[in-house]
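Here's the structure we're looking at; comments come further down.
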Amino acid sequence: MAQRFWDHVSASLPAVAVAGALSVAAFPAHAEDWRGWNVHPDGYPNSVALKFFDEEVSEKTDGRINPRIYNNAVLGDQPDAIDQTRSGALDFGNFNMGPMGPIVPETDVLSLPFLFTSVDQMYRVMDGDIGKRFADALAEKDLIALSWFGSGARSFYNTDHAIKEPDDVKGLKLRVMNNDLYVDMVDALGGNATPMSYGEVFQSLKTGVIDGAENNFPSFESSNHYEVAKYFSETGHLIIPECLCVAKSSWNALSDEDKSIVRTAAEDAAKKQRELWEEGAEKSREKVEAAGVEVNVVEDKAAFQKRMEPIYQAFIQEHPDLESLIDDIRNTQ
């Protein structure tokens, strides 16, 4: 597995990503080592939960499986990491469903603006039968979803002014994840959407290439974007789950006993991540406010939601088979 992994990395990643990956691979590679991808830095709720997953799996399998999580996207950006995991070059990863859409069209439902009314509702949906439907769709693309992490509610932030109503977005150049739905969302508000790698956002904010972006409080704080963008407006337009996904090839190589251990560890990690997220989000909010960021809550989201109606109509027209899935999720509110 070790040689297969590095051969694939060398062939598929930019040189800088390969160098970064090599720099952290100081431990000897063994056949039972599992390489895992994570975009977040050390100490981030997801990173702490993934380390817990690593340790529980290693301990409960008596070292038969030794997961190793690589933080800070040192193994490439998320689209690259998803492809690597599908091919088995990486064994697992913590993936946001936003950039998953081009590979698993069903997951684009989760990227529809204002689909969920709360994070708790999202958890109920993803932990139930509807979540299994998404897991089945991922499995068809060689990704086994073992548990669902939270990533809070995403909101807009920028360097120019507070966003209180849809027209306040007009003319702003805003970074979005690589998904056409996010481009359409910003366009519907009169802004200029700019798909961009997460690692490029800070410098782009600083130099004025973009005016802002959209994310949650922990990411806004841990990325240091708050040092440049001094206006954070709580629109809560997206509540997108993340999965702890394992490569199907790595999963199929496990015994039934080890599959049970790995799945239980993933579910335990999700519980821990959700608890840490709530704590971390509040601390991040307090930190950015103390640093001078102006935070405003958009109490009435109806005007924003109305602007999203054409996006839903176009999506259903393009994916009529997914309309019932949207309805099922909305009926859980």
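Miscellaneous remarks
- Protection proxy ranking of 59-65, 163-169, 150-156 - average other beta-carbon atoms within 10 Å, highest first: 150-156, 163-169, 59-65
- Computed packing ranks the peptides 122-130, 325-333 as 122-130, 325-333, most packed first, by mean other Cβ atoms within 10 Å.
- Listed residue pairs exceeding 25 Å between alpha carbons, taken from LYS230/LYS306; LYS206/LYS272; LYS60/LYS272; LYS206/LYS301; LYS230/LYS283; LYS170/LYS306: LYS230/LYS306; LYS206/LYS272; LYS206/LYS301
- The packing ranking of peptides 199-205, 90-96, 264-270, 306-312, highest mean first, is 90-96, 264-270, 199-205, 306-312, where packing means the average number of other beta carbon atoms within 10 angstrom of each residue.
- When the square roots of the Cα gyration tensor eigenvalues are ordered a ≥ b ≥ c, the ratio a/c for the stretch 189-333 is 1.5 or more and a/b does not exceed b/c, which makes its shape oblate.
- Average projection area in nm² (convex hull over Cα atoms of the chain, one quarter of hull surface): 16.1
- Antiparallel bridges, percent of DSSP beta bridges restricted to the chain (to nearest 5): 55
- Taken about its Cα centre, the chain carries a charge dipole of about 460 debye when Lys and Arg each add +1 at the Cβ and Asp and Glu each add -1 at the Cβ.
- Note: relative contact order over the chain, using C-alpha pairs below 8 Å and six or more positions apart, is 23 percent.
- The stretch 208-229-the stretch 250-281 distance, computed between alpha-carbon centres (Å): 29
- Rounded, prolate or oblate (a/c below 1.5 giving rounded, otherwise prolate when a/b exceeds b/c) for the stretch 286-333 by Cα gyration tensor: prolate
- For the stretch 150-202 versus the stretch 74-117, the inter-centroid distance based on Cα atoms is 19 Å.
- Where N is the number of residues in the stretch 190-259, Cα Rg divided by 2.2 N^0.38 Å: 1.63
- With the convex hull drawn over the C-alpha atoms of the stretch 67-211, the volume per residue is 117 Å³.
Read-outs: derived from the displayed coordinates by stated rules, not from any lab. Small disclaimer: the values here were computed from a predicted structure and weren't measured. FYI the Cβ positions are ideal-geometry reconstructions off the backbone, even for glycines, and counts take in every protein chain you see.
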